[in-house]
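I have placed the structure first, in the form of structure tokens, so that the comments after it can refer back to it.
The values are calculated or read from the model by the stated rules, or taken from the named source; none is laboratory data. Nothing here was measured: the structure is a model prediction, and the numbers come from that model. All Cβ positions, glycine included, derive from the backbone under ideal geometry; neighbour counts span all protein chains shown.
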């Protein structure tokens, strides 16, 4: 599934569609997928030119999510936890903690993989 997101209301609707597409998967996988997509899309809308392309698909035991911002915003490769009293700077750190991989490509933007059903 691919769609363009142009504001935060559209982001909320896209997250609802993502969760519906993941129906039947473990609840934790759906929650984590929604959180990851929300963080990536929020950053793309705020820092990436106000428009973002969301793409997601299911693989064997995996959820693949990619977010490409309108201006090609490239996130840092490494993240660190911000100071406890900071109001910003936790999103990409949280994403990295939840996904099994995160890469950036010019064509697809930020691409992440969440694995499920494994011990």
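The rows are residues; the columns are (1) modelled with pLDDT of 90 or more; (2) over 15 Å from residue 1 (Cα atoms).
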residue: 26; (1), (2): yes, yes
residue: 32; (1), (2): yes, yes
residue: 49; (1), (2): no, yes
residue: 53; (1), (2): yes, no
residue: 69; (1), (2): yes, yes
residue: 114; (1), (2): yes, yes
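In the set (1) without any contact (Cβ under 8 Å) to a residue 12 or more places away in the chain; (2) in contact with a helix residue (DSSP H, G or I) (Cβ under 7 Å, 6 or more places away or on another chain), residue 16 fails one condition alone, (2). In the stretch 82-96, the qualifying residues are those that are surrounded by 12 or more Cβ atoms within 10 Å (Cβ to Cβ) and free of Cβ contacts under 8 Å to residues at least 24 places away in the same chain, and the one that is nearest to residue 112 (Cα to Cα) is 96. Take residue 61 and tell me if it is on the phi > 0 side of the Ramachandran plot, surrounded by fewer than 17 Cβ atoms within 10 Å (Cβ to Cβ) and touching a residue at least 24 places away in the same chain (Cβ under 8 Å). Spelling it out, residue 61 is indeed on the phi > 0 side of the Ramachandran plot, surrounded by fewer than 17 Cβ atoms within 10 Å (Cβ to Cβ) and touching a residue at least 24 places away in the same chain (Cβ under 8 Å). Selection of first residues in the stretch 106-118 that are under 19 Å from residue 34 (Cα atoms) and of second residues that are surrounded by 14 or more Cβ atoms within 10 Å (Cβ to Cβ) and modelled with pLDDT under 90, restricted to Cβ pairs under 7 Å at least 6 apart or on distinct chains, gives the following pairs, ordered by first then second residue: 110/75.
One residue alone among 55, 29 is touching a residue at least 40 places away in the same chain (Cβ under 8 Å) and closer than 24 Å to residue 106 by Cβ, and that residue is 55.
To keep it simple, each residue is scored yes or no on (1) in contact with a strand residue (DSSP E or B) (Cβ under 7 Å, 6 or more places away or on another chain); (2) assigned to a strand (DSSP E or B).
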site	(1), (2)
13	no, no
16	no, no
44	yes, no
53	yes, yes
63	yes, yes
81	no, no
97	no, no
